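Visitor: Once you've had a glance at the structure underneath, I'll fire off some questions.
The values are calculated or read from the model by the stated rules, or taken from the named source; none is laboratory data. The model shown is predicted, which means the values in this text are computed figures rather than measured ones. All Cβ positions, even for glycine, are placed from backbone atoms using ideal geometry, and neighbour counts span all protein chains on display.
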Amino acid sequence: MDRNRKGFTLIELLVVIAIIAMLLAIILPSLQAAKQMATGAVCVSHQKQLITAWVSYSTDNNNSLVGGSNYHSGPYPTPYRWVEFPLASDKHNPEVAGQGPVGEADYTIETRKNGIRAGQLYTYAGNEELYHCPGDKTVVKNSEPLAVFRSYEISGLMNSEDFLPNGRASASDITSPIVNFRTAEVLPGFTKEMKVAVKDTDIRSPGNKMVFVEADVQWHVNYDRTQLGGWVLFAGGSYGWWDWPAYYHKDSSTFSFADGHAEKHKWKEEDTIQLMRGEITLQQANLIAANNEDLLWLAKAYVPK
């Protein structure tokens, strides 16, 4: 036996461990950023395929837009809905007696996917995974019935929920006009009637009018696990946030637009990012909304007419 051989001293081991820790501290944020960029690219691809399905639906239905929320009764029904409530079967129609949504206690990933497959866009999209952003970990972090799967919503003025009650002659008639629109401050100091687009010909400058929004799903977990409606701004008529985008891709979110393109948009304002991260409240964000450049960008993209 070689009695002169020596191992590492405790100090040397601690130095090595400290060096490894320092390297991990440097490398891990870069790896996380790379992962977020990768999920962002996949998310944009999903958005591109969804907006292609949305355009194809309109083309096949006399330029009419698919219903942008999944309300099927009450004051804000949207006909020909793009997705449905969680259902026991993807062959069910919530308008038919005995085929309504399952109770919240019975929500599962499969009942949520049944609602997606029962929606009007699924024929064109053909894959329920397109409705989920890979950066959205809600479905794996939460147990049933809180494991929200769908990551996207349709903008509230794209034949969605953002109109006043009793606007449609029938919840099943896609051609019946919405006649009651709400008025809101759509830019600081500028109020207008927000008309809902029901046909693609209603949309001005479709290249910058958003359709699908990467939405904050955790908010739905806390409040609305069925993900009832669309994505809405200016609630109560005031210029400001109501819904907000999700924080799945660092300081960016994905959108798709009425001309059929999708993109990842980078946020500029710190309070936008803080709102998305849950570091400030909605009320705090709205106190400074008038000076928020990101909200201005969204406002211009929100109103189609």
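Residues are listed down the side, and each one gets a yes or a no for (1) under 30 Å from Tyr80 (Cα atoms); (2) touching a residue at least 24 places away in the same chain (Cβ under 8 Å):
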| site | (1), (2) |
| --- | --- |
| Gly229 | yes, yes |
| Lys264 | yes, yes |
| Lys268 | no, yes |
| Leu275 | no, yes |
| Ile288 | no, no |
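Visitor: Taking the options Ala97, Ala118, name whichever one is closer than 20 Å to Thr52 by Cα and out of contact with any strand residue (DSSP E or B) (no Cβ under 7 Å at 6 or more places or on another chain).
Guide: The conditions single out Ala118.
Visitor: So which residues in the range 142-188 are at pLDDT 90 or above and at positive phi?
Guide: Asn159
Visitor: Sticking with this structure for a sec: Considering only residues that are among the charged types (D, E, K, R) and touching a Ser or Thr at 6+ places or on another chain (Cβ under 8 Å), look in the range 127-152 and name the one that is nearest to His46 (Cα to Cα).
Guide: Residues of the range 127-152 that are among the charged types (D, E, K, R), as a first pass: 128-129, 136-137, 141, 144, 150.
Adding the requirement that they be touching a Ser or Thr at 6+ places or on another chain (Cβ under 8 Å) leaves 136, 144.
Details: Asp136: 13, Glu144: 25 Å.
Per the criteria, the residue is Asp136.
Every residue, every condition in (1) in contact with a strand residue (DSSP E or B) (Cβ under 7 Å, 6 or more places away or on another chain); (2) within 24 Å of Trp241 (Cα to Cα); (3) among the polar types (S, T, N, Q), yes or no:
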{"residue": "Asn180", "(1), (2), (3)": "no, yes, yes"}
{"residue": "Val186", "(1), (2), (3)": "yes, yes, no"}
{"residue": "Gly189", "(1), (2), (3)": "no, yes, no"}
{"residue": "Val213", "(1), (2), (3)": "yes, yes, no"}
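Visitor: Counting residues that are without any contact (Cβ under 8 Å) to a residue 24 or more places away in the chain, which strands (runs of 3 or more DSSP E) fully inside the range 105-221 reach at least 2?
Guide: On the way: elements: 152-154, 183-187, 190-193, 210-214.
Qualifying strands (runs of 3 or more DSSP E): 190-193.
Visitor: Looking only at residues that are touching a helix residue (DSSP H, G or I) at 6+ places or on another chain (Cβ under 8 Å) and in a helix (DSSP H, G or I) in the range 285-303, which one is surrounded by the fewest Cβ atoms within 10 Å (Cβ to Cβ)?
Guide: First, pick out the residues of the range 285-303 that are touching a helix residue (DSSP H, G or I) at 6+ places or on another chain (Cβ under 8 Å): 285, 288-289, 292, 294-295, 300-301.
Those still in the list that are in a helix (DSSP H, G or I) too: 285, 289, 294-295, 300-301.
Values: Ala285: 20, Ala289: 23, Asp294: 22, Leu295: 27, Lys300: 14, Ala301: 20.
Per the stated criteria, the residue is Lys300.
Visitor: Also, I was wondering about something else. Scan the range 52-64 and give yes if some residue there is buried (at least 20 other Cβ atoms within 10 Å of the Cβ), under 19 Å from Asp200 (Cα atoms) and touching a Ser or Thr at 6+ places or on another chain (Cβ under 6 Å), otherwise no.
Guide: Checking the range 52-64: not a single residue is buried (at least 20 other Cβ atoms within 10 Å of the Cβ), under 19 Å from Asp200 (Cα atoms) and touching a Ser or Thr at 6+ places or on another chain (Cβ under 6 Å).
Visitor: Is it the case that Leu121 is surrounded by 20 or more Cβ atoms within 10 Å (Cβ to Cβ) and over 15 Å from Tyr71 (Cα atoms)?
Guide: yes
Visitor: How many residues, within the range 247-262, are free of Cβ contacts under 8 Å to residues at least 60 places away in the same chain and farther than 30 Å from Tyr57 by Cβ? If you could, list the steps in order and put the result at the bottom.
Guide: Looking only at the range 247-262, we keep the residues that are free of Cβ contacts under 8 Å to residues at least 60 places away in the same chain, and these are 247, 251, 253, 259.
Now drop any that are not farther than 30 Å from Tyr57 by Cβ, which leaves 251.
Summing the residues that are free of Cβ contacts under 8 Å to residues at least 60 places away in the same chain and farther than 30 Å from Tyr57 by Cβ in the range 247-262 gives 1.
Visitor: Scan the range 155-167 and tell me whether some residue there is touching a Lys or Arg at 6+ places or on another chain (Cβ under 6 Å) and not hydroxyl-bearing (Ser, Thr, Tyr). Give the steps one after another, and end with the answer.
Guide: Taking the range 155-167 first, the residues touching a Lys or Arg at 6+ places or on another chain (Cβ under 6 Å) are 164.
Narrowing the set further to residues that are not hydroxyl-bearing (Ser, Thr, Tyr) leaves 164.
Checked against the condition, which is being touching a Lys or Arg at 6+ places or on another chain (Cβ under 6 Å) and not hydroxyl-bearing (Ser, Thr, Tyr), the range 155-167 yields at least one hit.
Visitor: Further, regarding this structure: Checking the structure you have, find out if any residue of the range 166-184 is farther than 21 Å from Pro304 by Cβ, of a type in the set (Val, Ile, Thr) and in contact with an Asp or Glu (Cβ under 9 Å, 6 or more places away or on another chain).
Guide: No: the range 166-184 contains no residue that is farther than 21 Å from Pro304 by Cβ, of a type in the set (Val, Ile, Thr) and in contact with an Asp or Glu (Cβ under 9 Å, 6 or more places away or on another chain).
Visitor: Limited to the range 124-160, what total is found for residues that are of a type in the set (Lys, Arg) and crowded, with 20+ Cβ neighbours inside 10 Å?
Guide: Going residue by residue through the range 124-160, those that are of a type in the set (Lys, Arg) are 137, 141, 150.
Next, from what is left, pick out any that are crowded, with 20+ Cβ neighbours inside 10 Å: 150.
Summing the residues that are of a type in the set (Lys, Arg) and crowded, with 20+ Cβ neighbours inside 10 Å in the range 124-160 gives 1.
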